[in-house]
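The values are calculated or read from the model by the stated rules, or taken from the named source; none is laboratory data. Everything numeric in this text was worked out from a predicted model, so none of it was measured. Quick reminder, even Gly has a Cβ in these numbers, built from the backbone with ideal geometry, and neighbours come from all protein chains shown. Just the protein is used for accessible areas: all its heavy atoms, side chains included, with ligands, DNA and RNA removed. Shrake-Rupley method; radii C 1.70, N 1.55, O 1.52, S 1.80 Å.
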Amino acid sequence: MIRIASEIVVELVRHVLVEPVRAGRLRSDGWPPGVAGVVAVGAALYVVALVGVGGAPWVRSQLPHDNSGAFPPALVPLLLVGTAVVLALLVTASLHAPWSLRLLGLLPPLVVSAYVTGWHGSGPVVAALMQLAFWLVLVAFAVSRWQRPFAWWEFAVVQTIVGAALAAGAWTGLRSMLDDGFSDEHVTAVYLLGALVAFAVPGLTLVGMALSEVAFTSSIWLVETVSVRVPPRLTSVLTALVAVVALATAVVPWWRAGAPAVPQLHTHLTAAALLTLTGLGWWAVDGIADSRVPSSTRVHQLVPRARVVGGVAAVLVTLPVVAAVISTVVGSGTYRLLREIGASALASSAAENAIGGEYAADVLLSAGCLGTAVVLLASAVVIATRGGRGTAELLMVVAILSAARGSAILGWLPAPWTLDAVAAVCIVAVLGLAGAWLVRGRLTARRTEAVAVALLIGITVSHREVISDPVDVLLGTGDSSGLLVLGLLWFTFTDLELANGHSARFPRATRAILVVGLLTLVMMVFAFDRLTVDSPFGIEGYVEVGATILGTGLLLAGLWAVLGAAWRDEEVIEPRSRRTTVGAHGAV
């Protein structure tokens, strides 16, 4: 028994942790000279930012600041250096990328220049001309390198141009803040951090699905490794114990919650409606795909495709927010400049409101969710008609959840839903289906395993705080910081397949620098956000959006894939996996 238990633990760790890291780690094979050094610079900043996340409470307690959402002035030089490095990584990566990324790579320096233009000092006209000159030099250098291969000194040149622009902006616009030792409400490094947050929002949203992914894979492989090593009768007993724990997970929080029963009921009814809608959507696209290419969607197909679907959805959902921030920054900087040079007709208050006005974040987010739902729904139907499996079902489920999230923000739903409510409803539904199979004598061994997987998914998702809460304690927070750190670390070590690919249009060196730059950007933004007193950005909210839409999407897609296999009385995992394992442990 001890031997079997140890084998189960070893296999579970191998499938859930070792294999994803082995498959998703960054590989340096085929890198041109100099790429390793550029990647090392980004990795070093990533580590420094990670240390800053953990030490933020102590740093804030040691440094002077005001209490109005200010950034400690002593850390402004570090913020400027970090910003210069991240911008240099992104621009360097874009030099040899596809044309769309080449143009997008020049956008972050432009937005940061617009922020710097708004800093006070020698005047907005001088600041604007100075920043425009630096940016045009950067554009000229980028154009000159677009048709040439990667060279190690490109990063150094880009770093020099970007660093000089920020240094000039700091010299003309931030001297008064540094001299006084406190942030001025009109001249503050928080504005610069806001520019970086705009580009980190999609990554912050994607991070929210990480723990759901770990819960999903852990549940699948736990049942798989146990079922091939213990007798069928013991498997049934263990599944019954899992059912008891799952029922307690779903019911006990209801009675222990301090909230009134009616709001809880509305939340669970909303979750039940979502479960029903996603099920109908799943079976619809699955049926369309079956009519083209008869087959089955396996659960092991979902996780790799969930990351692609999640990445696309994260960009689409947050696109209105990012666009509004960028237009507001550029528009307000343009307004101040026009007013300074006396162009009063152009710099009217109406123009200010039209170009750089404030937009309600919830309205922008709802627009992004609803727009994402339309795009993903259409994509799901197109892919299903071509016989695509896995991706089409994921797109459909995430589209329904995106539409529901946008509707909830606008108040169109009676109550919002939570990941815990969805997990509880899933548990109750699975127990009901298992009971029906049991009464009718159709609860086969394969269906028993499927029930165990579905119940474990609900249990692990409901108790995800067992993983994130200790990290929150170490970070000294009570929010979702632990979820963000764990999610970002998980994707850092398991989701770098993109950086290991190569094509003529998208070379390997470019991929590696781009991925490292994006990961470093998200971690640095999180670190400086935690160092800001009463940060106004609310980046944890985007992580929660990712958990609600993308994490719940993977959970429900996995649930329907498992139940689909159970309905057909098929293996949850590929049958080949079972045959190989049983052959190795046939004596058990």
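Here LEU280 clears all of (1) modelled with pLDDT of 90 or more; (2) surrounded by 14 or more Cβ atoms within 10 Å (Cβ to Cβ); (3) within 22 Å of LEU431 (Cβ to Cβ) except the condition numbered (2). Of the residues examined, GLY82 is not one that is of a type outside the set (Val, Ile, Thr) and more than 19 Å from GLY163 (Cα to Cα).
Within the range 60-72, not a single residue is touching a Phe, Trp or Tyr at 6+ places or on another chain (Cβ under 9 Å) and part of a helix (DSSP H, G or I). With the condition kept exactly as written, say whether any residue in the range 505-526 is under 23 Å from the mean Cα position of the chain (by Cα), at pLDDT 85 or above and within 25 Å of ILE427 (Cβ to Cβ). No. In the set VAL41, VAL35, only one residue is under 30 Å from ARG145 (Cα atoms) and more than 25 Å from the chain's Cα centre (by Cα); that residue is VAL35.
Answer yes or no: is there a residue in the range 200-209 that is modelled with pLDDT of 80 or more and more than 33 Å from the chain's Cα centre (by Cα). Write out each step before concluding.
To start, the set of residues in the range 200-209 that are modelled with pLDDT of 80 or more comprises 200-209.
Applying the additional criterion that residues be more than 33 Å from the chain's Cα centre (by Cα) yields none.
So far as the range 200-209 goes, no, none of its residues is modelled with pLDDT of 80 or more and more than 33 Å from the chain's Cα centre (by Cα).
Against the list (1) surrounded by 14 or more Cβ atoms within 10 Å (Cβ to Cβ); (2) under 30 Å from VAL299 (Cβ atoms); (3) more than 27 Å from the chain's Cα centre (by Cα), the condition ALA74 fails is (2).
SER28 fulfils the conditions (1) surrounded by fewer than 20 Cβ atoms within 10 Å (Cβ to Cβ); (2) more than 30 Å from SER144 (Cβ to Cβ) except for a single criterion, (2).
Please name all residue pairs, on different chains or six or more residues apart, with Cβ atoms under 6 Å, provided the first residue is in the range 141-170 and is touching a residue at least 24 places away in the same chain (Cβ under 8 Å) and part of a loop (DSSP other than H, G, I, E, B) and the second residue is surrounded by 14 or more Cβ atoms within 10 Å (Cβ to Cβ) and of a type outside the set (S, T, N, Q). So the pair list comes out as PHE150/HIS96; PHE150/ALA509; TRP152/GLY34. The residues listed here are ALA5, ALA44, ALA97, ALA93; of these, the one that is in contact (Cβ under 8 Å) with a residue 24 or more places away in the chain and part of a helix (DSSP H, G or I) is ALA93.
Residue check: is ILE400 open to solvent by 50 Å² or more (accessible area, probe 1.4 Å) and at pLDDT 90 or above?
Details: open to solvent by 50 Å² or more (accessible area, probe 1.4 Å): no; at pLDDT 90 or above: yes.
No: the conditions fail for ILE400.
Of all the numbered requirements in (1) within 25 Å of PRO253 (Cβ to Cβ); (2) free of Cβ contacts under 8 Å to residues at least 40 places away in the same chain; (3) surrounded by 19 or more Cβ atoms within 10 Å (Cβ to Cβ), GLY432 misses one, and that requirement is (3).
Name every residue in the range 494-543 that is under 23 Å from VAL317 (Cα atoms), open to solvent by 20 Å² or more (accessible area, probe 1.4 Å) and assigned to a loop (DSSP other than H, G, I, E, B), in order of residue number. Passing the criteria: ASP495, SER535, PRO536, PHE537, GLY538.
I'm trying to understand the selection: among the residues of the range 378-394, which are in a helix (DSSP H, G or I) and within 13 Å of TRP560 (Cβ to Cβ)? Step through it out loud before you land on a result.
First, pick out the residues of the range 378-394 that are in a helix (DSSP H, G or I): 378-385, 391-394.
ALA392, GLU393, LEU394, listed by residue number.
Taken over the range 293-305, the criterion of being in a helix (DSSP H, G or I) and either open to solvent by 10 Å² or more (accessible area, probe 1.4 Å) or free of Cβ contacts under 8 Å to residues at least 40 places away in the same chain (or both) is satisfied by HIS300, GLN301, VAL303, PRO304, ARG305.
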